[in-house]
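A quick write-up on the structure given underneath.
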Amino acid sequence: MENKNIVIACDHAGFDYKNDLIKYLEAKGYNMTDVGTYSPESCDYPIPVHRLCEKITSDECPRGILICGTGIGVSIAANKHPGIRAALCGDKYSAEMTRQHNNANVLCMGARVISFELACEITDIFLATPALDEERHRRRVKMIEDLEKGVFDEANYN
Ligand code: RB5
């Protein structure tokens, strides 16, 4: 990926993984923007999620990484933001497919679910895999955008 600006966020459950992933990705030449949380104290994950989504939708960063205990809360919150396609991945195959087929722009992971080593491998694949330039995938992502805009009409797609 040419643009190496990555935004990362977590809640308290993902705090250690976030800090270690920042070091891991900086060593690989990525420019990391950390939007919190900044301590292991309990916090409400929608707040750092919202900060991260603003960095993506403002085009400051093309990709984001979110970590909480399961990855579920952050993915649900992120996907409420128009323009965000957040994918919860616990395996390498899903990370590859969600870039190729869904053009996902945010990777979500659960620090209480997968090892840090697997989180690094999933992250590597997510950041290295381009979206497939195929009409059927573009059409499906456009349908998701129509859903966000409230203009989804099944009749338009037949
Ligand atoms: C925090 O205990 C936990 O609920 C949170 O990290 C996340 O797993 C929520 O989906």
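The values are calculated or read from the model by the stated rules, or taken from the named source; none is laboratory data. Just so you know, these numbers come straight off a predicted model, no measurement behind them. All Cβ positions, even for glycine, are placed from backbone atoms using ideal geometry, and neighbour counts span all protein chains on display. Just so you know, the surface numbers come from the protein's heavy atoms only, side chains and all, with ligands and any DNA or RNA stripped out. Shrake-Rupley method; radii C 1.70, N 1.55, O 1.52, S 1.80 Å.
Residue-wise test of (1) more than 16 Å from the ligand (Cβ to nearest atom); (2) at pLDDT below 95; (3) open to solvent by 40 Å² or more (accessible area, probe 1.4 Å); (4) within 16 Å of Gly73 (Cβ to Cβ).
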| residue | (1), (2), (3), (4) |
| --- | --- |
| Asn3 | yes, yes, yes, no |
| Ile6 | yes, no, no, no |
| Lys23 | yes, no, yes, no |
| Asn31 | yes, no, yes, no |
| Asp34 | yes, no, yes, no |
| Lys55 | yes, no, yes, no |
Worksheet item: Only one residue in Leu118, Leu127, Leu107 is part of a strand (DSSP E or B) and either at negative phi or surrounded by fewer than 16 Cβ atoms within 10 Å (Cβ to Cβ) (or both). Which one?
Response: Leu107
Discussion item. Could you tell me how many of the residues in segment 135-154 are in contact (Cβ under 8 Å) with a residue 40 or more places away in the chain and farther than 17 Å from Ile84 by Cα?
Written reply: 0
Discussion item. Can you tell me which of (1) away from the ligand (no atom under 15 Å from the Cβ); (2) closer than 17 Å to Val7 by Cβ is the one Ala27 doesn't meet?
Written reply: (2)
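Within segment 103-131, how many residues turn out to be within 16 Å of the ligand (Cβ to nearest atom) and touching a helix residue (DSSP H, G or I) at 6+ places or on another chain (Cβ under 8 Å)? First the steps, then the outcome.
If we filter segment 103-131 for residues that are within 16 Å of the ligand (Cβ to nearest atom), which is where we start, we get 106-114, 116, 119.
Remaining after also requiring touching a helix residue (DSSP H, G or I) at 6+ places or on another chain (Cβ under 8 Å): 106-112, 114, 116, 119.
Total satisfying the criteria: 10.
Within segment 74-84, track down each residue that is open to solvent by less than 10 Å² (accessible area, probe 1.4 Å) and not in a loop (DSSP other than H, G, I, E, B). Break it down stepwise before answering.
Taking segment 74-84 first, the residues open to solvent by less than 10 Å² (accessible area, probe 1.4 Å) are 74, 78, 84.
If the condition is that a residue be open to solvent by less than 10 Å² (accessible area, probe 1.4 Å) and not in a loop (DSSP other than H, G, I, E, B), then Val74, Ala78 are the ones that fit.
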Item to complete: Return yes when Asn156 is open to solvent by 20 Å² or more (accessible area, probe 1.4 Å) and at pLDDT 95 or above and no when it is not.
Response: no
Fill in: Given (1) away from the ligand (no atom under 11 Å from the Cβ); (2) loosely packed, with under 15 Cβ neighbours inside 10 Å, index of the condition Ala87 fails
(2)
Worksheet, complete the sentence: Scanning segment 36-46 for residues that are open to solvent by 30 Å² or more (accessible area, probe 1.4 Å) and under 17 Å from Leu107 (Cα atoms) gives Tyr45, Pro46
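Can you tell me how many residues within segment 61-73 are near the ligand (Cβ under 8 Å from one of its atoms) and open to solvent by 20 Å² or more (accessible area, probe 1.4 Å)?
Initially, segment 61-73 is screened for residues near the ligand (Cβ under 8 Å from one of its atoms), giving 68-73.
Now restrict to residues that are open to solvent by 20 Å² or more (accessible area, probe 1.4 Å): 70, 72.
Within segment 61-73, residues that are near the ligand (Cβ under 8 Å from one of its atoms) and open to solvent by 20 Å² or more (accessible area, probe 1.4 Å) number 2.
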